Amino acid sequence: MGSASDRLPRKDRSDIQRMIADIVDGAGKLEIWGTFAWDEIQNRYRRSVFGLAWIGLSFILFVAAISIFFGAFAELDSGAFVSYVAIGFAAYQFLIANVVDGCHVFARAAGWVKSSNLPYSVYVYKGVSRALFPFFIHLFIALLILPFFGWRPNGNALFAIPALLLFTLTAVPLQFLLGLLAARWRDVGHLVQAISRIFFFTSPVLWVYAETTGIRRDLADFNPMTHFIAILRDPLLGVSPSAYHWGLSLSWLVCISIVAVLVGGAMRRRLPFWV
Amino acid sequence: MAALSDVSLALKSGDRLGIVGNNGSGKTTLLRVIAGLIPPDRGSVRSEGRINNLINLNLGVQSQATGHQNITLKGLACGASRKQIEEKRDEIAAFSELEGFLDLPVETYSAGMRMRLSFAIATAFDPDILALDEWLGTGDQTFRKKTTKRMRSFVDSASILVLASHSPELIRQNCNKALWLEKGRIRMLSDPDAVLNAYADEDDPLR
């Protein structure tokens, strides 16, 4: 069957089934969203002298500044704090990029949504791969420089691989959901923008989760980012994976996926009228 | 508010359907539904084969990306393979007369250059089913001659054509079926002469 008919409804399909078919069909169009994402990455850094190196440079600048300034507030020794910040910040950046960019995932592709019969998830996969690219550069740079700060990974580090998989799996329904909501209600974009600043300070990047108590600990636990950051960072710092953080992260993935499919089933067909 | 209701029709290979009707009668909406751009609230659309639409040419142009990148993206979105795109690339460059500019971002192009590029890409990859909103002609006088010829062969290569137009001649020339839409409903579905005559009679104030 031709690609063009993928988004055409069939009598025997419910809206929910069409939403799921959209996600599945879009994943198969790797060549399209891969090309889209790569073009966007290149265009973003075109005509700058350092080009793509800026992704790494801005990361190093941030980690260096935070380590010098906030390192004094933490009980961790300074070398360990650098590792803590570097990996935590990389994880946080990826998560928040998916939240913030997710709100624009369809709005920015408005011309395509209106004129092409590609599955809508193509634009979501494009957005997620565009966010993965700097994420992997950040992680790569972190792994490159951290040995100089006394970082010695152990076997637990392998648990970072399923964590990365979970990050990616969560990003897809998250962007689809936020993209639909923000296309329908423009306020969602503004709300998320406002909340993203709160997320930054309530996520364990600048401060150490293990050192928090009382209401600060409760707030941190309430923030889903805490658990996602933990499942990636803990094993890389040599700590064995925690069932608590993994359980909560997986629960968030399930919740977001269910809500995304339900909302997508109800709202997806109106998308071309909203963007 | 329903833009279309009770519209049922079937087209098979070789069919060329012309759609007539006053402004707001639902012609473009029907094209968009057929092309799979918007799903119907009730009922269904089934199709086999690659569908392409020339409803709004300028949508989906990535102005940050270069001309070459736009050729690739549009080609992939049309369902063409990498190999097919590479085969067409030189031909698109030659037809749009943009050789030498295709490595520049589209945002640096003049409006005319953009239009030539959009047109050349849109007509490069032959679909099985083509949804067309008015006949496309673009550019200065010499370019228009080229577009007319290219449009002709592009339209002829599709196995099913759906053309919405206000021009009776265009529909007589291109179509073997015609549909008259009125307020979103089928007023008449028959051969082009019968439909166009009935439509013209209705519009005639001297009748």
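Can you figure out the FRET efficiency of B:GLN84 with A:SER251, using R₀ = 41 Å and their beta-carbon distance, to the nearest 0.05?
Rounded to the nearest 0.05, the efficiency is 0.35.
By per-residue mean of other Cβ atoms within 10 Å, what is the highest-first order of B:177-190, A:136-149, A:49-62?
Per-residue mean Cβ counts within 10 Å order the peptides as B:177-190, A:136-149, A:49-62.
Expressed as a whole percent, how much of the Cα-Cα distance distribution for the protein assembly as shown exceeds 37 Å?
Working: 45351 of 115921 pairs.
Percent of Cα pairs beyond 37 Å in the protein assembly as shown: 39.
Give me Rg/Rg_expected for the stretch B:72-179, where Rg uses Cα atoms only and Rg_expected = 2.2 N^0.38 Å with N residues.
My calculation over the Cα atoms of the stretch B:72-179 gives 1.13.
Where Lys and Arg each count +1 and Asp and Glu each count -1, what net charge lies around B:GLN173 among other residues with Cβ under 11 Å from its Cβ?
The answer is +2.
Taking every DSSP beta bridge with both residues inside chain B, roughly what % is antiparallel (nearest 5)?
Antiparallel bridges: around 25 percent, rounded to the nearest 5.
Mind giving me the nanometre distance, one decimal, between the label points for B:ARG42 and B:ARG172, set 7 Å out from Cα along Cα→Cβ?
With each label point 7 Å from Cα toward Cβ, the separation is 3.9 nm.
Give, in whole angstrom and from largest to smallest, the semi-axes √(5λ) of the equivalent ellipsoid of the stretch B:60-126, with λ running over the eigenvalues of the Cα gyration tensor.
They are 17, 12, 10 Å, listed from largest to smallest.
With the radius of gyration and the Kirkwood radius both derived from the Cα set of the stretch B:26-108, what is their ratio Rg to Rh?
Ratio of gyration radius to Kirkwood radius: 1.06.
In whole Hz and in residue order, list the ³J(HN,Hα) couplings for the stretch B:153-165 that follow from phi through the Karplus curve 6.51 cos²θ - 1.76 cosθ + 1.60, θ = phi - 60°; x for Gly and Pro.
Result, rounded to whole Hz: 6, 5, 5, 5, 7, 6, 7, 10, 10, 10, 10, 9, 7.
Let's see if you can work this out: charge +1 on each Lys and Arg Cβ, -1 on each Asp and Glu Cβ, no other charges. What is the dipole magnitude of the protein assembly as shown about its Cα centre, in debye to the nearest 20?
For this selection, approximately 300 debye.
Send over a whole-number figure in Å² for the accessible area per residue of the stretch B:60-126, probe 1.4 Å. Write out the running numbers ahead of the final one.
Details: 2750 Å² over 67 residues.
Value for the stretch B:60-126: 41 Å² per residue.
Considering only protein heavy atoms and a 1.4 Å probe, what is the carbon-and-sulfur percentage of the accessible area of the stretch A:199-259? Present the calculation step by step, with values, prior to reporting the outcome.
On the way: 2120 of 2800 Å².
Summing carbon and sulfur atoms, their accessible area is 76 percent of the total for the stretch A:199-259.
Round to the nearest 10 and give me the degree value, 0 to 90, for the angle of helix A:53-70's Cα axis relative to the longest principal axis of chain A.
With both axes taken from Cα atoms, the answer is about 40 degrees.
Using the Karplus curve 6.51 cos²θ - 1.76 cosθ + 1.60 with θ = phi - 60°, work out ³J(HN,Hα) for each residue of the stretch A:150-164 in order, rounded to whole Hz, and write x for Gly and Pro.
The phi angles translate into x, 7, 10, x, 10, x, 4, 4, 4, 5, 5, 5, x, 5, 4 Hz.
Restricting the count to DSSP beta bridges whose residues both fall in the protein assembly as shown, what percent are antiparallel, rounded to a multiple of 5? Each step should come with its number before you reach the end.
Working: 6 of 23 bridges.
Rounded to the nearest five, the antiparallel share is 25 percent.
Averaging the inverse of every distinct alpha carbon separation and then flipping it gives the Kirkwood radius. What is it for chain A, in angstrom units?
Here the Kirkwood hydrodynamic radius works out to 19.8 Å.
Which percent, nearest 5, of DSSP beta bridges in the stretch B:127-195 are antiparallel? Numbers along the way, then the final one.
Details: 5 of 10 bridges.
Around 50 percent of the beta bridges assigned by DSSP in the stretch B:127-195 are antiparallel ones.
Pull up the cross-link candidates among the lysines for B:LYS183, meaning alpha carbon to alpha carbon under 17 Å and not fewer than 8 places away within one chain.
Partners found: B:LYS27.
So which of B:LYS88/B:LYS145; B:LYS74/B:LYS177; A:LYS29/B:LYS83; B:LYS149/B:LYS177; B:LYS88/B:LYS149 end up more than 19 Å apart by C-alpha? Walk me through the numbers before you get to the answer.
Values: B:LYS88/B:LYS145 21 Å; B:LYS74/B:LYS177 30 Å; A:LYS29/B:LYS83 16 Å; B:LYS149/B:LYS177 23 Å; B:LYS88/B:LYS149 17 Å.
Beyond 19 Å: B:LYS88/B:LYS145; B:LYS74/B:LYS177; B:LYS149/B:LYS177.
Using a 1.4 Å probe on the heavy atoms of the protein chains only, list every residue of the stretch A:30-44 that has 30 Å² or more less accessible area in the complete assembly than in its chain alone.
Relative to the lone chain, where solvent access is computed with a 1.4 Å probe, the stretch A:30-44 loses at least 30 Å² at A:GLU31, A:ILE32, A:THR35, A:PHE36, A:ASP39, A:ASN43.
Give the angle, between 0 and 90 degrees and rounded to the nearest 10, that separates the Cα long axis of helix B:82-96 from the longest principal axis of the Cα atoms of chain B.
90 degrees
Over the alpha-carbon set of chain B, divide Rg by the Kirkwood Rh and report the Rg/Rh ratio to two decimals.
1.00
On a 0 to 90 degree scale, rounded to 10, what angle separates helix B:67-77 from the longest Cα axis of chain B?
With rounding to tens, the tilt is 40 degrees.
Residue separation times 0.36 nm, minus the C-alpha to C-alpha distance between A:ASN43 and A:VAL239: what's the value?
Contour length minus Cα-Cα distance gives 66.6 nm.
Using a 1.4 Å probe over the heavy atoms of the protein chains, calculate the carbon and sulfur portion of the accessible area of chain B as a whole percent.
49 percent
What total accessible surface area, summed over both chains, is buried at the interface between chains A and B, computed with a 1.4 Å probe and given in Å² to the nearest 100?
In total, chains A and B hide about 2800 Å² from solvent.
Normalising by the residue count of chain A, find the relative contact order in percent from Cα pairs under 8 Å and 6+ residues apart.
The normalised contact order for chain A reaches 28 percent.
How many nm is it between the label spots at B:SER5 and A:PHE222, if each spot is 7 Å from the Cα in line with the beta carbon?
Distance between the two pseudo-spin positions: 4.9 nm.
The values are calculated or read from the model by the stated rules, or taken from the named source; none is laboratory data. Here the structure is a predicted model, which means the values were calculated and not measured. Because the Cβ atoms are built from the backbone with ideal geometry, glycine has one as well, and the counts that use them run over all protein chains shown. Each accessible area value is taken on the protein alone, full model and side chains, heavy atoms only, with ligands, DNA and RNA left out. Shrake-Rupley method; radii C 1.70, N 1.55, O 1.52, S 1.80 Å.
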